[in-house]
Amino acid sequence: MLDYIAYQDTHLFIAKQVCEKLGFIKNNPSQNVKNAITRFCPNAKQAQEHGVKLGRKNSILLTTAEVLHLATHCQYDASELLEWLRSEGLWNGMDVSSSTRRELDVLSGVELALGRPLQRQYQVGPFLIDGYDPILNVAFEIDEVQHLSTQHQLDDELRELYITESIEGIAFRRISI
């Protein structure tokens, strides 16, 4: 599924392949990879910084933890990639926080119920929607414990207001975990 390099005590993955697999690449592949890495994995290093020599000297390599972080922010269902990592012995299922794992599971359940994938981490202005169904025009937000605080609830209301003004007729479905 992905090429990787066993290096010291970790595995390193070529960022471009990971981004392709997770749907980050659209019209301008090199710019989309750079944007995804800058946004979600700002500490990612180029091959030579890891002490690895590759044919392409500017190749960015990602650790397993960085791949998992990207997977939680992609627009597509990442369960196939996560299952492959697990089956290859490259991930034991423990590197993703339990709340992130629950969020992925809940969104996968919504996709199963709808019979189609959601657009994960759908961007509207400065905000991201956990899962967006453009057919039903519904935003699915997974609310973890921190959403119970008064300040977080106010932030959520402002965020929701911005999004409803940006996407006409959008409905929100909040799922507490």
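None of the figures in this text is laboratory data; all of them are computed from the coordinates on show. Please read these numbers as outputs of a predicted model, since none were measured by experiment. Positions of Cβ are generated from backbone atoms using ideal geometry, with glycine treated the same way; all protein chains shown enter the neighbour counts.
Return one quarter of the surface area of the convex hull spanned by the alpha-carbon atoms of the stretch 116-176, equal to its mean projected area, in nm². Intermediate results must be reported in sequence, preceding the final value.
Values: hull surface 16.3 nm².
Spelled out: convex hull of the Cα atoms, projected over all directions, averaged, 4.1 nm².
Cβ under 9 Å from HIS73's Cβ, HIS73 left aside: what net charge do those residues give with Lys, Arg +1 and Asp, Glu -1? Here the count lands on +2.
Put simply, when 6-17, 106-117 are sorted by average Cβ atoms within 10 angstrom per residue, most first, you get 6-17, 106-117. Candidates PHE127, GLY169, ASN137 compared by Cα position along the dipole of the stretch 116-176: farthest toward the positive end lies ASN137, with charges placed on Cβ.
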